[in-house]
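Asker: Here it is: the structure, laid out below.
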Amino acid sequence: MQQSDSPAWAGPLRGIRVLDFTRVLSGPAAALALADLGAEVLKIEPPGAGDETRTFPPMREQESHYFLSVNRGKKSIVIDLKTEAGVKLARDLALECDILIENYRPGVMDRLGLGYDTLSALNPRLIYCAISGFGMTGPLRDRPSFDIVMQALSGALSVNGEPGREPTKLGIPLGDLVGGVNGPIAILAALYERSLTGCGRLIDISLLDGLIGMLGYLPQLAWFTGQDPAPQGSQHPNLVPYGVFPARDGSIVIACLTNSFWANICRSLGMDDWIADPRFDTIEKRRDTRALVNERICAITSGRTVNELVEIFVAHQVPHAPILGIREALSQPQAVAREMVVETEHESLGMIPIVNRSIRFPGDPQPVPTAPPVLGQHTDEILGDILGLSAEQIGELRASGVVA
């Protein structure tokens, strides 16, 4: 899909306006989800460098890869919140918005005069989503938090890595990105509630809470067995075969979830004699003979190429996947068919590739998202179109350093 000349997609959140005080990753990811769904997102940035990630290398034409990754579809306005006039502008904008998202430490927005109590008194319909590492309560609420801290404290890091070695951080920053999942879920629920009550509400999103909630079956496994699950590498604690297996020219993933798949795997690899073998005919038995099962499968897969294995597994309906690098993952036929990479025009970089929306609504025209904004790109537009300020008034604010 290339840049579209059709009108901007209205989307299911058409008419919803978001005031975005977020920076770095957890908050911007939450605001990004709303922008992808059609909301108008006004990103407030401080004078100077703006969002901290605008300076994260590598850079191209003074634009950061990091900022570009989570700020498509937004509008940027620069306001100095250290000035009374800047805080007043922010409050005025809050009156015109349905949702506010911030990811400062608890108490920072209150000290700025932009906390929930202050803004909800001015705009009772405002849905106020506060995202922080540890939430608004608890002994750790005031501590700084980063992705790896969340992974460590949630238990997620303890189960990631190879057996017998030090745990390894997840390659995806899930400790931060969980805010981009739970924040929008809570906001959309609050929007529905507001349609019934007419009132907004405060939302408290803790990244630690969120990552604990993503542990899936591991807490129950720990409670059932009385032991902490240990790192399994790419393997599953109970399912065998499940994980990464060698090929002649690389590696391939095999995932056996049920006995029907076990039969398929055996047939595909010429192991028909093991299908009904009483040593391997249940999930529990294969778990207890993991080393023997994996050894035989490895001996077979290591003699074939990845492409040969893919062809065999497709024919036998075996859950599998070649291991793709990021560039190959983005250019694979499935991603191309789903238009997961598109081009859009950036203010200073020209045409750039971006990852497309991951949620689709069949039947509705969905043009390419607008590019991530350069710093302050929409300052005049927001002040003029939303707050109704004249060019002269905007010029005065700019001259006094309140906006930039």
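The values are calculated or read from the model by the stated rules, or taken from the named source; none is laboratory data. Note that the coordinates shown come from a computational prediction; the quantities given were computed from them, not determined experimentally. We place every Cβ from the backbone using ideal geometry, glycine too, and count neighbours over all the protein chains shown.
Asker: Output the residues belonging to the stretch 371-386 that are among the aliphatic types (A, V, I, L, M) and closer than 23 Å to Glu343 by Cβ.
Answerer: Listed by number, the residues that qualify are Ala371, Val374, Leu375.
Asker: Can I ask one more? Could you go through the stretch 122-138 and let me know if any residue there is touching a helix residue (DSSP H, G or I) at 6+ places or on another chain (Cβ under 8 Å) and either part of a helix (DSSP H, G or I) or at pLDDT below 95 (or both).
Answerer: Within the stretch 122-138 (the criterion being touching a helix residue (DSSP H, G or I) at 6+ places or on another chain (Cβ under 8 Å) and either part of a helix (DSSP H, G or I) or at pLDDT below 95 (or both)), the answer is yes, since at least one residue qualifies.
Asker: Just one of the numbered conditions (1) modelled with pLDDT under 95; (2) charged (D, E, K, R); (3) within 28 Å of Asp147 (Cα to Cα) is not true of Asp5; which one?
Answerer: (3)
Asker: Quick check on this structure: which one of Arg338, Arg327, Arg296, Arg304 is at negative phi and in contact with a Phe, Trp or Tyr (Cβ under 9 Å, 6 or more places away or on another chain)?
Answerer: Testing whether each residue is at negative phi and in contact with a Phe, Trp or Tyr (Cβ under 9 Å, 6 or more places away or on another chain) leaves just Arg296.
Asker: Follow-up question, since we're still on this one. Given the options Ala299, Ala263, Ala276, name the one that is in a helix (DSSP H, G or I), outside the structural domain of Gly155 (by TED's automatic domain parsing), out of contact with any Pro (no Cβ under 8 Å at 6 or more places or on another chain) and surrounded by fewer than 14 Cβ atoms within 10 Å (Cβ to Cβ).
Answerer: After applying the criteria, what remains is Ala299.
Asker: Restricting the stretch 302-320 to residues that are of a type outside the set (S, T, N, Q) and surrounded by fewer than 15 Cβ atoms within 10 Å (Cβ to Cβ), which is nearest to Leu239 (Cα to Cα)?
Answerer: So, considering only residues that are of a type outside the set (S, T, N, Q) and surrounded by fewer than 15 Cβ atoms within 10 Å (Cβ to Cβ), the one nearest to Leu239 (Cα to Cα) is Val314.
Asker: Would you tally the residues in the stretch 146-167 being surrounded by 21 or more Cβ atoms within 10 Å (Cβ to Cβ) and either of a type in the set (Ser, Thr, Tyr) or part of a loop (DSSP other than H, G, I, E, B) (or both)?
Answerer: Number of matching residues: 2.
Asker: Between Asp110, Asp142, Asp98, which is charged (D, E, K, R) and buried (at least 16 other Cβ atoms within 10 Å of the Cβ)?
Answerer: Every option except Asp98 fails the conditions.
Asker: In addition: Working only within the stretch 317-356, note down all residues that are assigned to a strand (DSSP E or B) and of a type in the set (A, V, I, L, M, F, W, C).
Answerer: Ala321, Val341, Val342, Met351, Ile352, Ile354, Val355 - these are the residues of the stretch 317-356 that are assigned to a strand (DSSP E or B) and of a type in the set (A, V, I, L, M, F, W, C).
Asker: Which numbered condition in (1) under 28 Å from Val314 (Cβ atoms); (2) in contact with a Lys or Arg (Cβ under 7 Å, 6 or more places away or on another chain); (3) not in a loop (DSSP other than H, G, I, E, B) is the only one that Val253 fails?
Answerer: (2)
Asker: If Met271 passes every condition in (1) under 11 Å from Pro241 (Cβ atoms); (2) surrounded by fewer than 16 Cβ atoms within 10 Å (Cβ to Cβ); (3) not small (Gly, Ala, Ser) but one, which one does it miss?
Answerer: Failed condition: (2).
Asker: In the stretch 355-384, how many residues are within 15 Å of Lys43 (Cα to Cα) and without any contact (Cβ under 8 Å) to a residue 60 or more places away in the chain?
Answerer: Counting residues in the stretch 355-384 that are within 15 Å of Lys43 (Cα to Cα) and without any contact (Cβ under 8 Å) to a residue 60 or more places away in the chain gives 1.
Asker: So Asp117 ticks every box in (1) buried (at least 16 other Cβ atoms within 10 Å of the Cβ); (2) more than 28 Å from the chain's Cα centre (by Cα); (3) not hydrophobic (A, V, I, L, M, F, W, C) but one. Which box is left unticked?
Answerer: (1)
Asker: Moving on to the next point. Yes or no: the stretch 200-212 includes at least one residue that is of a type in the set (Ser, Thr, Tyr), modelled with pLDDT under 95 and out of contact with any His (no Cβ under 9 Å at 6 or more places or on another chain).
Answerer: The answer is no; no qualifying residue exists.
Asker: Within the stretch 202-222, which residues are in the same structural domain as Val178 (by TED's automatic domain parsing) and polar (S, T, N, Q)?
Answerer: Ser206
Asker: Please go through (1) in the same structural domain as Thr282 (by TED's automatic domain parsing); (2) in a loop (DSSP other than H, G, I, E, B); (3) among the hydrophobic types (A, V, I, L, M, F, W, C) for Leu170 and return the number of the only condition it doesn't satisfy.
Answerer: It fails just one condition, (1).
Asker: Please go through the stretch 249-264 and pick out each residue that is of a type outside the set (Ser, Thr, Tyr) and in contact (Cβ under 8 Å) with a residue 60 or more places away in the chain.
Answerer: Gly250, Ile252, Val253, Ile254, Ala255, Cys256, Leu257
Asker: Given Arg327, Arg304, which one is more than 27 Å from Ile359 (Cα to Cα) and out of contact with any His (no Cβ under 9 Å at 6 or more places or on another chain)?
Answerer: Result of the check over Arg327, Arg304: Arg304.
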